[in-house]
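Worksheet: the structure to be examined is printed underneath.
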Amino acid sequence: MTLYDQLPALVVAVLLFTAPIAYMLRLHGFPWFVATAGVVTSFAVACSLAATVIGGETIIYEMGGWPAPYGIVLSIDALSALMAMLITGASSAALIFGYKSLADEVGEEIAPAFFAAWLLCTAGLVGMVVSGDAFNIFVFMEISSLSTYVLISAGPDRRALISTYRYIVMGTVGATFYLIGVGFLYMVTGTLNTADLAARVGQVEDIRLVLVAAGFVSVGLAVKAAIFPLHSWMPNAYTFAPNAVTVFIAAASTKVSLYVLMRVDYAIFQNSIANHDVQLTFFLVPLGVLALFSGSMLAIYEKNLKRLLAYSSVAQIGYIALGISMTSVAGLTGAIVHMFNHGLIKGGMFMAVACLAIRYRTVNVANLAGAGRAMPWTMAAFVIGGLGLIGVPLTPGFISKWYLVLAALNEGWLGALLVAIILFSSLLAVIYVWKVIEVAYFREPRSNAVPVTEEAPLVMLIPTWIVVLAGVWIALDTGMTVGLASVGAKILLGAAL
Amino acid sequence: MEVLGLYNYFVFAVLLMVGLYCILARTNIIKSLIGLTIFQAAVFLLYISMDKIDGGTAPIILEGVDDQIFANPLPQVLILTAIVVGISTTALALAVTVRIKEAYGTIEEDKIQEMDRET
């Protein structure tokens, strides 16, 4: 047993072990340093795992040496490695970026607990994607949710508290629904290991209980993933959380629930329920389309920049839902790439918003007049991100929408309709991105406003641009993301590699 | 007999709906949280019911006794974990409620909403 064999466990364990260290070392600046060291290490491990599995193999790691299905296993394939990279990468970027903005918003006395919660949140999210056990996914889901509540409630505004409370209620109901679904699956199969479940559920004769399980699991995960109309917890949670926390959870947390939805549905329910691909289409396509329109329309009329981006996330999750609903390799590839690319775009945009917030002390769009001249680098980063949301070529958003459109074109008349809807909703994105650009570049600041002349501090600006440029890079060199995503999609569908 | 045998599952469904109704219908945060706890307790009952076998005992192998029927211990272990999760959620939610009371002076959701609209 070399250290290399232990990498699948380390990607989670590093985070779990550094969390108490971050909590106990109460020196100035130390919790931040420990947390950053932890997530960056985990990111490096995730990258090396991704390099191992890009060929299509699956690493099965038996916890404590107990073989499946008796022991709990971690299972890592191309899809989970890509998601682990997204989570740990977003967590590292947000922490490094948040050095100054978190010191600003989160008090020194709660910093140790805050950074410990951050590490646990990352650990829970990574755990959800690497776990090969349906119940273990629930446990990791609750670890990440509980710590996310803590992170959001650290927001400076008192409305952060009421948003946290609403998220606790919605999140717990969602997770409990998932737990009920897993319970029904255990009743009919007697196993919790996802690979074993996939094999045994096909032999179940009375399919009714499996159908009920599918309903509970799908709805529960839809709540956690903020799929329209179950997104109501999300806009306020994003708006009132500390800025660096918003960067992290907007980039990673809802995507993980979408990942679990994809994984459980394709591995377990597609094999066992007749015509389940049609059921999935009828469940997700209407919700996805409604999400595209309602998210974009709400974003167009929203005055608060953070909430505007949150509503835009509702719409972008709609694209991912559409990709998942098309049970084809191309559709799934588009959905997976969009999860990754949207995480990168939204993370970068929320970073730019945090840069604006630290100078303007507000995120109301109307008060940002003149930001284009006062903070040219920040606004340029925001504009590049905005182009990505629209899906302009040379931005990461273009790549994923391209795959989604290609997949939709294979789906007959419904697909042609979907293509039209995708293009139309991209036009809606032009409106809400332009709304911000117009105020920032073409409107004179109010005469009574305190003039802002300074660019954001370099410790915030440099990470923002690294994320923005990373986005441009993966738009130009799509080998890594599309490679991992298409291998992951083929594994999900059980197709030949 | 068939119906009575499913008694536990009926209680599960009723508790689940009672909890969900309580969450949706109450504006007082503490009352909603009580609903949330009932909601979670329903799931505990579901898991505990599924492992019960008539005449089954704890899975301990005794020497000389080989006709024992054992109850399935796995759901019990699972639900022990879920109970811990439930307690943590309740504790965290109550802690947030204390801070809401400090910040707003009330724990009635509709009043808080009014106060937020004014600012």
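Laboratory data are not the source of any read-out in this text; all were calculated from the coordinates shown. It should be emphasised that the depicted structure is a prediction, and the values quoted were computed from it without experimental measurement. Using ideal geometry, Cβ is built from the backbone for each residue, glycine included, and neighbour counts are taken over all protein chains shown.
For the residues A:SER153, A:SER147, the requirement of being under 19 Å from A:GLY107 (Cβ atoms), of a type in the set (Gly, Ala, Ser) and at the interface with chain B (Cβ under 9 Å from one of its Cβ atoms) singles out A:SER153.
Only one residue in A:VAL314, A:VAL353 is touching a His at 6+ places or on another chain (Cβ under 8 Å), under 16 Å from A:TYR238 (Cβ atoms) and not in a strand (DSSP E or B). Which one? Answer to the selection: A:VAL314.
Could you check, for region B:105-115, whether at least one of its residues is of a type in the set (S, T, N, Q), part of a helix (DSSP H, G or I), over 19 Å from the mean Cα position of the chain (by Cα) and facing chain A (nearest Cβ under 9 Å)? Checked region B:105-115: at least one residue is of a type in the set (S, T, N, Q), part of a helix (DSSP H, G or I), over 19 Å from the mean Cα position of the chain (by Cα) and facing chain A (nearest Cβ under 9 Å). Only a single criterion out of (1) part of a helix (DSSP H, G or I); (2) touching a residue at least 24 places away in the same chain (Cβ under 8 Å); (3) not basic (Lys, Arg) is not satisfied by A:VAL278, namely (2). Within region A:156-183, the residues that satisfy the criterion of being more than 25 Å from A:VAL217 (Cα to Cα) and within 7 Å of chain B (Cβ to nearest Cβ) are A:ARG158, A:ARG159, A:LEU161, A:ILE162. The sole residue among B:PHE10, B:PHE44 that is touching a residue at least 12 places away in the same chain (Cβ under 8 Å) and either among the hydrophobic types (A, V, I, L, M, F, W, C) or assigned to a helix (DSSP H, G or I) (or both) is B:PHE44. Residues in region A:194-212 that are within 12 Å of chain B (Cβ to nearest Cβ) and under 29 Å from the mean Cα position of the chain (by Cα): A:VAL212 alone. Of all the numbered requirements in (1) surrounded by 14 or more Cβ atoms within 10 Å (Cβ to Cβ); (2) at the interface with chain A (Cβ under 10 Å from one of its Cβ atoms), B:LEU24 misses one, and that requirement is (1). Identify the residue in region B:62-81 that is facing chain A (nearest Cβ under 10 Å) and of a type outside the set (A, V, I, L, M, F, W, C) and, among all such residues, is nearest to the chain's Cα centre (by Cα). The selected residue is B:THR81. Just wondering, is there one or more residues in region B:82-104 that are of a type outside the set (Gly, Ala, Ser), under 26 Å from A:LEU185 (Cβ atoms), surrounded by 13 or more Cβ atoms within 10 Å (Cβ to Cβ) and more than 11 Å from chain A (Cβ to nearest Cβ)? Yes, region B:82-104 has at least one match. Assuming A:HIS342 fulfils every condition listed in (1) farther than 19 Å from A:LYS255 by Cα; (2) of a type outside the set (Gly, Ala, Ser); (3) buried (at least 24 other Cβ atoms within 10 Å of the Cβ) apart from one, which condition is it? It fails just one condition, (1). Residue count for region A:362-380, restricted to those that are surrounded by fewer than 20 Cβ atoms within 10 Å (Cβ to Cβ), closer than 18 Å to A:LEU461 by Cβ and within 27 Å of the chain's Cα centre (by Cα): 2. For A:ALA51, indicate whether it is part of a helix (DSSP H, G or I), small (Gly, Ala, Ser), out of contact with any Lys or Arg (no Cβ under 7 Å at 6 or more places or on another chain) and farther than 22 Å from A:ALA134 by Cβ. Yes; evaluated as a whole, the condition is true for this residue. Screening B:SER88 on (1) in contact (Cβ under 8 Å) with a residue 12 or more places away in the chain; (2) under 18 Å from A:TYR165 (Cβ atoms) shows it passes everything except condition (1). Look at A:PHE240 and say whether it is under 30 Å from A:THR464 (Cβ atoms) and either within 14 Å of another protein chain (Cβ to nearest Cβ) or aliphatic (A, V, I, L, M) (or both). For A:PHE240, the condition - under 30 Å from A:THR464 (Cβ atoms) and either within 14 Å of another protein chain (Cβ to nearest Cβ) or aliphatic (A, V, I, L, M) (or both) - is met. Under the condition of being under 29 Å from B:ILE112 (Cβ atoms), more than 8 Å from chain A (Cβ to nearest Cβ) and small (Gly, Ala, Ser), the residues counted in region B:27-50 number 3. Within region A:2-39, the set of residues being touching a strand residue (DSSP E or B) at 6+ places or on another chain (Cβ under 9 Å) and in contact (Cβ under 8 Å) with a residue 60 or more places away in the chain comprises A:PRO8, A:ALA9, A:VAL11, A:VAL12. Set side by side, the residues B:ASP110, B:ASP54, B:ASP116 differ, and just one is surrounded by 14 or more Cβ atoms within 10 Å (Cβ to Cβ) and of a type in the set (D, E, K, R), which is B:ASP116.
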